[in-house]
Each structure stands twice: as structure tokens, then as C-alpha cells.
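The values are calculated or read from the model by the stated rules, or taken from the named source; none is laboratory data. What you are looking at is a predicted structure, and each value in this text was computed from that prediction instead of being measured. In this analysis, Cβ positions are derived from the backbone assuming ideal geometry, glycine residues included, and neighbour counts consider all displayed protein chains.
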Amino acid sequence: MSLFIGIDIAAKTFELTLRANGKSSKTEQFKQTPEGHAQVVKKLLALSPSLIVMEATGIYYFDLAVALTKAGLPVAVINPKSFHHFSALKLNTNKTDAVDSALLAEYGERMGPRLWTAPQDDQLGLRDIGRQLNRLTASRTQAKNRLHALMSKGATLSLLIEDEMDGIEQLERRIKRLTQAAMKLIEQNDKLAAHFEHMTAAKGVGQTSAIAILAELNVLPGTMKSPQISRYAGLDVRATQSGTSLNKPPRLSKAGNAYLRAALYMPAMSAVRHDPRAKAFYETLIGRGKKKIQALCAVMRKYLVGIWACMQTQTPFDSTLLFSESHIKT
């Protein structure tokens with residue numbers, strides 16, 4: 001008997017439906033935590049399913065897909081558009097997590113999507129190091145701000161200042177150690193090394209930024225298109241055109257990968273200062289009434305698309321392919 005599993009992913013939970021002999025079972029819910037993943041892995045290993053199907057929605061599917069694949073389970077991660085078209089063909093008008101998980105199981109049974117391949121251990125290791133570096137860097141910034149506040153006071157105990165300085169030094173050592181570990185992983189992998197070299201051709205993308213960006217992008221399927229990458233990072237623009245919000249201006253979704261957005265912020269800041277084309281593009285948007293942060297996010301999105309393109313084509317980053325020459329003709 002062939003058994004198909006549909007999993008509908010959400011931020012904090014996921015719904016799982018079993019389908020056999022053309023019929024779907026009752027839906028079960030699990031938590032989006034390592035414990036929840038372990039629980040569902042144990043359950044599915046006992047069932048030996050023919051295929052497990054989920055959508056590549058945002059960032060939430062990834063860790064579960066990796067856990068299932070590394071356990072030896074057959075996983076297919078499908079394009080949301082494909083599932084949307086399948087749902088439309090089924091004349092499905094209901095939209096709930098339970099209904100979607102059942103439809104995903106049926107999709108697996110009828111469409112036979114190809115299996116998903118999990119990233120290699122070195123790719124996942126680089127992602128984990130990059131995220132830890134992100135957290136340590138944020139902690140160091142907070143510590144430096146506290147130190148500045150303490151030193152600005154006239155009667156701060158020297159013990160407190162020394163303690164804060166010791167904490168900063170410790171963070172510096174940890175950041176240096178992890179940076180060296182990340183570079184070792186990159187240098188030992190020809191593909192990662194080439195990506196690193198190509199993206200550092202961009203103004204503002206130095207070692208720290210390149211590690212952080214590559215850590216997030218290197219685990220993504222190479223079949224993803226530029227709009228999908230923008231949505232993954234939460235840099236896509238969403239319009240609100242309903243009810244009392246009819247005239248509400250479009251905003252960034254910010255529903256995606258916060259690590260990737262953080263990694264792109266400083267490169268974009270540097271680009272609008274030192275890359276003539278990026279600067280002209282930024283200033284054109286300001287001239288059209290955009291706020292500075294909106295214009296900067298547009299540069300971040302351009303940079304992300306350009307970096308992803310140079311990773312796929314194995315060519316150095318080239319801002320002339322991103323920013324129109326007309327912007328610098330004043």
C-alpha cells in the first residue's frame with residue numbers, strides 16, 4: 001500500500017495528513033520546534049511513507065525538510081504556484097491548514113514530484129556559524145552601547161566599566177574564532193569559495209557581510225527565481241488594498257529571513273555612498289518621495305537579486321546590470 005503525506009507549514013506549527021487508497025485521514029498538528037520535528041520523524045519512520053510533500057513557503061519549511069531528509073524519509077518540496085494551480089484544478093474553495101495538508105498529500109499521489117535534496121553538512125554548518133556570528137555581533141553592539149552610556153556618567157564605578165570591557169573583549173574573541181571557522185569551510189569548498197569571491201566584488205560586501213549572506217543563500221535551491229529570493233528575505237513589497245486600508249501605501253513584507261535582511265543592510269548603506277549607480281538610484285527614489293529607509297531597502301533588494309544572479313551564473317557581481325545608467329545622468 002502506497003502512503004502519501006501532506007504537510008502544511010506555518011510559523012509555529014505544521015499540519016500533517018496521511019493519504020492511502022485515495023482517502024485522506026484525520027489531520028494531526030505538531031509544533032515547529034526541534035522536539036516537534038523529532039516527534040514527526042519518529043512517527044513517519046514507523047509508517048514508511050512513499051512520499052512526503054510540503055510547499056517551499058518562506059523560511060519555515062526548511063528545518064523540517066532537512067530533519068525528515070536526514071532521517072532517510074522521501075521528501076518533495078514543491079513550488080507554491082504549482083500547488084495553487086493544482087488546488088484550482090480541484091475546484092477547492094476552502095482554505096485551511098487541514099485542507100491544504102490533505103491536498104498536498106493528494107498532490108504527491110497524483111503528480112509524483114521529484115525528491116528534494118538536503119544541503120550538505122558543510123553548507124548547513126556555514127549557515128549555523130553565520131547565524132551565530134549575527135547574534136554575537138548584535139550582542140557586541142549592545143555591549144558597546146552600554147559601555148558608552150556608563151562612560152558618559154560622571155560617577156560610574158570603574159568595576160562596571162571594566163566588566164563591560166571584558167565582555168566586549170570576550171565577544172571579539174568569539175567572533176574572530178567563528179569567522180576563521182567560516183572562512184575555513186568556505187575555502188575547503190570550491191563552489192562556496194567561488195561564490196564568496198564573486199559577491200565580494202560588490203562595493204560594501206566585505207568578509208563579514210559575505211559570510212553572513214552566503215551562509216543564508218548557500219542552502220537554497222538553485223532553481224529559485226529572483227522574486228522568490230526577494231520574498232524569502234522579506235524584501236518584497238506588499239500592497240494593502242482592502243476595506244479601510246484602500247489607500248495605504250505598499251510596505252515591505254518583512255515576513256522572511258531576518259538574518260539575510262540584516263546581512264544586506266550595511267552593504268546597501270555602503271553602496272549608496274560609494275557606488276555611483278546605487279547612489280543615483282537611491283537619490284532618484286528619494287526625489288520621488290520615498291523615505292530614506294524605503295529607498296535603502298530597494299537597494300538591498302537590488303543587491304540581493306544581483307548576488308543571487310552572480311551565484312547562479314558563477315560571475316562576479318556587477319552593479320551595471322542592476323542599476324540603470326539613466327539614474328546617473330543629471
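Across segment 185-217, the number of residues qualifying as in contact with an Asp or Glu (Cβ under 9 Å, 6 or more places away or on another chain) and assigned to a loop (DSSP other than H, G, I, E, B) comes to 6. Based on what the data block shows, is ALA182 in a helix (DSSP H, G or I) and buried (at least 17 other Cβ atoms within 10 Å of the Cβ)? Spelling it out, ALA182 is indeed in a helix (DSSP H, G or I) and buried (at least 17 other Cβ atoms within 10 Å of the Cβ). Checking the structure you have, find out if any residue of segment 101-111 is out of contact with any Lys or Arg (no Cβ under 6 Å at 6 or more places or on another chain) and surrounded by fewer than 17 Cβ atoms within 10 Å (Cβ to Cβ). Yes, some residue in segment 101-111 is out of contact with any Lys or Arg (no Cβ under 6 Å at 6 or more places or on another chain) and surrounded by fewer than 17 Cβ atoms within 10 Å (Cβ to Cβ). When LEU246 is tested against (1) farther than 15 Å from ARG131 by Cα; (2) at pLDDT 90 or above, only condition (2) is not met.
Inside segment 77-93, can you point out the residues that are crowded, with 19+ Cβ neighbours inside 10 Å and either touching a residue at least 40 places away in the same chain (Cβ under 8 Å) or not polar (S, T, N, Q) (or both)? Of everything in segment 77-93, those that are crowded, with 19+ Cβ neighbours inside 10 Å and either touching a residue at least 40 places away in the same chain (Cβ under 8 Å) or not polar (S, T, N, Q) (or both) turn out to be VAL77, ILE78, PHE83.
Has segment 125-138 got any residue that is modelled with pLDDT under 90, within 30 Å of ALA215 (Cβ to Cβ) and basic (Lys, Arg)? So far as segment 125-138 goes, no, none of its residues is modelled with pLDDT under 90, within 30 Å of ALA215 (Cβ to Cβ) and basic (Lys, Arg). Here ALA143 meets each of (1) modelled with pLDDT under 95; (2) in contact with a Leu (Cβ under 7 Å, 6 or more places away or on another chain) with one exception, condition (1). Picking from residues in segment 16-60 that are surrounded by 21 or more Cβ atoms within 10 Å (Cβ to Cβ) and within 19 Å of the chain's Cα centre (by Cα), the one that is modelled with the highest pLDDT is MET54.
Mind listing whichever residues of segment 271-293 are crowded, with 17+ Cβ neighbours inside 10 Å and of a type outside the set (Phe, Trp, Tyr)?
Selection gives ALA271, VAL272, ASP275, ARG277, ALA278, LYS279, ALA280, THR284, LEU285.
Considering only residues in segment 1-46 that are of a type in the set (Gly, Ala, Ser) and in contact with a strand residue (DSSP E or B) (Cβ under 9 Å, 6 or more places away or on another chain), the one that is nearest to PHE83 (Cα to Cα) turns out to be GLY6.
With respect to ARG174, is the statement that it is closer than 24 Å to LYS70 by Cα, part of a helix (DSSP H, G or I), under 25 Å from the mean Cα position of the chain (by Cα) and not assigned by TED's automatic domain parsing to the domain that holds LEU64 true? Spell out the reasoning first.
Numbers: closer than 24 Å to LYS70 by Cα: no; part of a helix (DSSP H, G or I): yes; under 25 Å from the mean Cα position of the chain (by Cα): yes; not assigned by TED's automatic domain parsing to the domain that holds LEU64: yes.
No.
Number of residues in segment 61-75 that are surrounded by 17 or more Cβ atoms within 10 Å (Cβ to Cβ) and either at pLDDT below 85 or within 19 Å of the chain's Cα centre (by Cα) (or both): the value is 6. Within segment 70-98, being assigned to a helix (DSSP H, G or I) and either under 23 Å from ARG231 (Cβ atoms) or not assigned by TED's automatic domain parsing to the domain that holds PHE30 (or both) holds for PRO80, LYS81, SER82, PHE83, HIS84, HIS85, PHE86, SER87, ALA88, ASP97.
Among the residues of segment 185-241, how many are over 18 Å from ALA262 (Cβ atoms), crowded, with 18+ Cβ neighbours inside 10 Å and in contact with a Ser or Thr (Cβ under 7 Å, 6 or more places away or on another chain)? Qualifying residue count for the region: 2.
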